[in-house]
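K.L.:
Here you go, one structure.
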Amino acid sequence: MKALNPGLVMLFLLCTHWVMGQQKQHAVYALANPRYDSIVIRWAPASQVAWQMGNRYGYQLERFVVARDGKPVELSGQQGVQLTTAPIRPIAEAQMEQLAVKDDRVALVKEAIYSKDFHVSSPEKGLGDFITKQCEADMRFGFMLLACDLSPAAANAAGLRFVDRSVKKGERYAYKISMTQQPKGVTIEPGYCVTSLQEIVRLSPPREFSAQFGDSIARLQWLSNIDKGIYTAYVVERSKDGKSYQPVTDLPIMYSAEKNQSFSYFIDTLLDNETTMYYRVKGLTPFGEAGPYSTVVSGQGSAALEKPFIDSIAAIDNKKIYLQWHLSPLLQSKTQSIAVTRAPKVEGPYKDISQPLGKQALTWLDEKPPADSYYRLKIKTTDGRVIYSLPELGQLIDKDPPAMPVGVKGIIDSTGIVHLQWDANTESDLRGYRVFRANAAHEEFTEITNRVVRKTSFTDTIQIKTLSEKVLYRIVAVDKMYNPSEYSTILTLNRPDVVPPSAPVFVYNRVQDTVAGILLRWKNSTSSDVVKQVLYRVNSQVGSFNKSIVFTDTTNKVHEWLDTAIQAGGKYYYELVAYDEANNSSKDRSGDIEYESAYRAAISNIKAAADREKKLINLEWKHDQDPAVYYVYRSVNNQSFLLYKKLNGKQKSLTDDEIRIGNQYAYRVKAEWTSGKTTMMSKPVSVSF
């Protein structure tokens, strides 16, 4: 239930009893209201087209006797009584002008029917507050129906009301309201209603009227679904002394047409938290009649403090009721004790059914609950206040879970915001949904909703800088008894790739003397999504702005490169960059390398001797300098020389025991100093084995 305001003008089109959400149907709806000596007939067109045709052609009203003294009367061949000699139409504009002086709702009907612009000169004058030129035809129709619901004079002026005074006790009548003439191309179905003088409707006060007071607000609610069809609007009144009451809104509060909603609601703003406010509510019928007042509720506002929330209530073996709740950190810090209260009706009275619980308590089990009960938490705070949770219904009935949610879909944006959607379940007792998440199908799914989600959508935030490439979701539907459905099928989404691949690593970079150039070796990136690696050369003497591409590898398998496109005397460093599928990159940088083409004299005194008994070859050399290391290269059967051993600079011999009979072996030796200077590669020395 919402109070009308300028931003909700279109709500009028949905809130009248007559339209009932079927405004496109061309028909007439009718209702009867028996009095002690007469019967009031009210009708309304179900569409704007039917209304225009009714204004043009008028309506005819016929009455049939369907029963007399409790006995049915044969309708076959019965001639209906015409209750008017002329069609029932809206009264003339001049007559409406006179009536509008006393009833501004008649003025609204006049504007809707006769005004060309449907414009009220001042927004301060009564119902004109909410009239705009937007969607004018539907606006005229909706406002006209609203005015007729609230005022018998307006309904009479619009030609939508008739009082039948020629009725008799003991007779039951059927009334037929139809167009006096059917327009071309459109069929407008007549409306019917059946009643008698003995069927007077006794109006009852709105039931289960209650109020929850917060920080400068009062949240009112009352049971309205059982009065559906009787009341179409309500008037909420308030008082500071419990005696003198005034309406809280200029306009009545319209009945909510939402499905499965038992209560209507209104939120009133309080001037302060110290004044006791009294409230009562009454209903308004489509005949402009007001029903009796509800009981009076009263209370004071309280400083803002988040209410406790019962987020789980479920039947255990259909014999016990289990409650679970949570308190905000602020409320928990101010809690002295917690009690569980129970009542047969939502408005109470509530009685404590538990011993005082400590503020750390989060669950409680009702061992002997009635079949239907309302539960509330009662929190006593350290400053002497008592705070109640909203009522929650516990039932020992339903054991059937909802259907598994279907149609689950979602997207992830570049910031890690996940938008999920799924098809709505159709169960009438559905409470909502819970959302679960995992990083892999073999992992256990974890719930990420703190409480039941009412909508069929959910927004999640995930980490995108992680090695997990995917995120998985499943949805569970929960009914009012918290019975969970089966998990939905798994929705798998790919995380946006913002994590760079692992960097390649240089392991060797030296000036090569056998072939003029710089030899580079590295370990490739270990990431599986690398699409290419690019080697860049930078002349250190010039700066990084002259960076140039040496080569590009799309296989991620090359791990060595000899750079010959360099100049003697130059100083260079290299960058090796790995790129993944999302163009994320990581790199390694070599140290500075001075390239010079001069080499020290090759080692010449090298001897190699085969020891066939021990199946080895002894290699030794003489060298009068003290290098840092020696490199020994070996060739087998005239193939390329490959590095075989790296030796300490003091070691000038080598035993090769990796020998096979019948092979030809050749060796070459090179020395290297810590400065990077090397000898020329020695001449090969060969041994046949």
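None of the figures in this text is laboratory data; all of them are computed from the coordinates on show. Keep in mind the model is a prediction, meaning the values are calculated, not measured. As a convention, Cβ positions derive from the backbone with ideal geometry for all residues, glycine included, and neighbour counts pool all protein chains shown.
K.L.:
Quick check on the exposure proxy: order Arg474, Arg434, Arg165 from fewest to most C-beta atoms within 10 angstrom.
P.N.:
Arg165, Arg474, Arg434
K.L.:
Quick one: which residues, 5+ away or cross-chain, put their amide H under 5 Å from the amide H of Glu486? H built at 1.01 Å from N.
P.N.:
Met404
K.L.:
Treating only the Cβ atoms of Lys and Arg (+1) and Asp and Glu (-1) as charged, compute the dipole magnitude of the range 505-594 about its Cα centre; round to the nearest 20 debye.
P.N.:
100 debye
K.L.:
Would you work out which of Ala371, Val386, Ile397 lies farthest towards the positive end of the dipole of the range 352-414? Charges go on Cβ: Lys and Arg +1, Asp and Glu -1.
P.N.:
Value computed over the given set: Val386.
K.L.:
Answer with one residue from Gly283, Gly229, Ile253: the one whose Cα lies farthest towards the positive end of the charge dipole of the range 207-299, charges on Cβ with Lys, Arg +1 and Asp, Glu -1.
P.N.:
Gly229
K.L.:
Give me the lysines in straight-line cross-link reach of Lys168: C-alpha distance below 19 Å, same-chain residues under 8 apart excluded.
P.N.:
Within the straight-line limit of under 19 Å, Lys168 reaches these lysines: Lys71, Lys176.
K.L.:
Right, next: Round to the nearest 10 and give me the degree value, 0 to 90, for the angle of helix 136-150's Cα axis relative to the longest principal axis of the chain.
P.N.:
50 degrees
K.L.:
Can you sort Phe143, Phe266, Phe689 so the residue with the fewest Cβ neighbours within 10 Å comes first?
P.N.:
Phe689, Phe266, Phe143
K.L.:
Which number gives the lysine pairs in the range 309-395 that have C-alpha atoms under 16 Å apart and are eight or more places apart or on different chains?
P.N.:
10
K.L.:
For the chain, give the magnitude of the charge dipole about the Cα centre (Cβ charges: +1 Lys/Arg, -1 Asp/Glu; no others), in debye to the nearest 20.
P.N.:
With only Lys, Arg, Asp and Glu charged at Cβ, the dipole is about 780 debye.
K.L.:
Just tell me which aspartates and glutamates come within less than 18 Å, Cα to Cα, of Lys523; anything on the same chain fewer than 8 places away is out.
P.N.:
Within the straight-line limit of under 18 Å, Lys523 reaches these aspartates and glutamates: Asp553, Glu560, Asp563, Glu575, Asp580, Asp588.
K.L.:
Then there's this: For Asp479, what residues show an amide H to amide H distance below 5 Å, using hydrogens built from the backbone and excluding near sequence neighbours?
P.N.:
When sequence neighbours closer than 5 places are left aside, the close amide H contacts are Arg431.
K.L.:
If you only keep lysine pairs separated by 8 or more in sequence, or across chains, how many in the range 207-299 come under 28 Å at the Cα atoms?
P.N.:
5
K.L.:
Give me the distance in nm between label points sitting 7 Å out from Cα along the Cα-to-Cβ direction at Ile448 and Glu93, one decimal.
P.N.:
6.2 nm
K.L.:
Once Lys and Arg get +1 and Asp and Glu get -1 on their Cβ, which of Leu467, Gly301, Ser216 lies farthest toward the positive end of the dipole of the chain?
P.N.:
Ranked along the dipole, the leading option is Leu467.
K.L.:
Taking the Cβ of Gln246 as the centre, find all other residues whose Cβ is under 14 Å away and add up their charges (Lys, Arg: +1; Asp, Glu: -1).
P.N.:
+1
K.L.:
Can you tell me the orientation of helix 48-57 relative to the chain, as the angle in degrees between its alpha-carbon axis and the longest Cα principal axis, to the nearest 10?
P.N.:
30 degrees
K.L.:
Got a sec? How would Phe141, Phe445 order by Cβ neighbour count within 10 Å, fewest to most?
P.N.:
Phe445, Phe141
K.L.:
Please compute the length gained on full extension between Leu393 and Val629, using 0.36 nm multiplied by the number of residues separating them and subtracting their Cα-Cα distance. Walk me through the numbers on the way to the answer.
P.N.:
Values: separation 236, 0.36 × 236 = 84.96 nm, distance 8.51 nm.
Result: 76.5 nm gained on full extension.
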